[in-house]
1. Could you work out the local net charge near ALA161, counting Lys and Arg as +1, Asp and Glu as -1, over the other residues with Cβ closer than 13 Å to its Cβ?
2. What does the charge count near GLU44 come to, summing +1 for each Lys or Arg and -1 for each Asp or Glu among other residues with Cβ under 11 Å from its Cβ?
3. If the elastic network links every pair of Cα atoms under 10 Å, which of LEU91, LEU43, LEU178 fluctuates the most in the Gaussian network model of the chain?
4. Which ³J(HN,Hα) values in Hz, rounded to whole numbers, follow from the phi angles of the range 99-114 under the Karplus curve 6.51 cos²θ - 1.76 cosθ + 1.60, where θ = phi - 60° and Gly and Pro get x?
5. So which GluC sites (Glu not before Pro) in the range 239-273 are both in a DSSP loop and have at most 16 other Cβ atoms within 10 Å of their Cβ?
6. Enter the accessible area of MET143 (Å², nearest 10), with the probe set to 1.4 Å and all protein chains included.
7. Residue by residue through the range 147-153, what is 3J(HN,Hα) from phi via Karplus (6.51 cos²θ - 1.76 cosθ + 1.60, θ = phi - 60°)? Round to whole Hz and write x for glycine and proline.
8. Report, in deg cm²/dmol and to the nearest 500, the calculated mean residue ellipticity at 222 nm for the chain, where each DSSP H run with n ≥ 4 adds -39500 (n - 2.57) and the sum is divided by the residue count.
Amino acid sequence: MARFSVNQMTVRQLSLPELVKSCAGLGIGTVGLWREPVAEYGLEATAALVRDAGLTVSSLCRGGFLTAAGPAAREAALADNRAAIDEAAALGTDTLVLVSGGLPDGSRDLAGARERIADALAVLAPYAAGRGVRLAIEPLHPMYAADRCVVSTLGQALDLAERFPAGQVGVVVDTYHLWWDDRVAEQIRRAGEGGRIHCFQLADWVTPLPEGVLTGRGQLGDGCVDLRWFRERVEAAGWTGPVEVELFNEGLWGRDGNEVLAETLTRYRAHAC
């Protein structure tokens, strides 16, 4: 229970004050936040809200989208990521999650796109370190490679992260994106040995996926992912930080957010603990 964290997107129908109140009622002490609702409520106001409630922020989502080829677009991406790093520091979290970005329009060069991510990290990692923030590369399921994230496996994420100090760049282990990979156990061990696990997220895989696929994450226990297996492997690799539940699901968003949060905590206890 002490390690459970709810990502804000799981109950996006709750305003920030409502989320904080619901967490207090359920004894939840950790939340993952997203930049857009934080900006809407106000960065300083959000920081004060969570701080006064005694909440810890497990991560901020998201930075990234670092694959643009043109100089102006690349500089804009770097500026946005510097802003995201500053926001993470203001919120008191040491982890900024990065969704790396897809292929530029008309491109088929995956390797080139990944190199541009590395080039951007070389600029951003020292900046983040100076503000006490770690960058966490999140590999996304291969179905997102074209338009959202050219980093599809934990191995690919580690290949990028390991070019930089472990205290600056690591990875996200997200069950929704990695459950299918038959090499994920050895890559989790690799990440742990290098001190590269910076964030651990849970979501289940259910089918059929909805149109657009972004909102297809299943409630814990509704799908085919062995969530407890992942938790055990990540802990065996040395992770002792928050276990963050991040669900994008239109059905859950259409329900009462307090009920969804209570249900998610119950499912976490049943299927991940």
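The values are calculated or read from the model by the stated rules, or taken from the named source; none is laboratory data. Everything numeric here is computed off the predicted structure, so don't read it as measured data. Heads up, the Cβs are rebuilt from the backbone with ideal geometry, glycines too, and the neighbour counts pull from every protein chain shown. Just the protein is used for accessible areas: all its heavy atoms, side chains included, with ligands, DNA and RNA removed. Shrake-Rupley method; radii C 1.70, N 1.55, O 1.52, S 1.80 Å.
1. Numbers: positive: ARG114, ARG134, ARG163, ARG190, ARG196; negative: GLU138, ASP159, GLU162, GLU193.
Neighbour charge sum, excluding ALA161 itself: +1.
2. On the way: positive: ARG51; negative: GLU87.
After counting each charged neighbour, the total is 0.
3. Result for the chain, Cα springs under 10 Å: LEU43 fluctuates most.
4. Ordered by residue, 3J(HN,Hα) equals 9, 5, x, x, 6, x, 3, x, 8, 10, 9, 5, 4, x, 5, 5 Hz.
5. On the way: sites: GLU244, GLU246, GLU250, GLU259, GLU263; in loops: GLU246.
Answer in residue order: no site qualifies.
6. The accessible area of MET143 comes to roughly 70 Å².
7. Residue by residue, the range 147-153 yields 10, 9, 7, 7, 9, 10, 10 Hz.
8. Values: 11 runs with 120 residues, N = 273.
Roughly -13500 deg cm²/dmol at 222 nm, from the helical runs in the chain.
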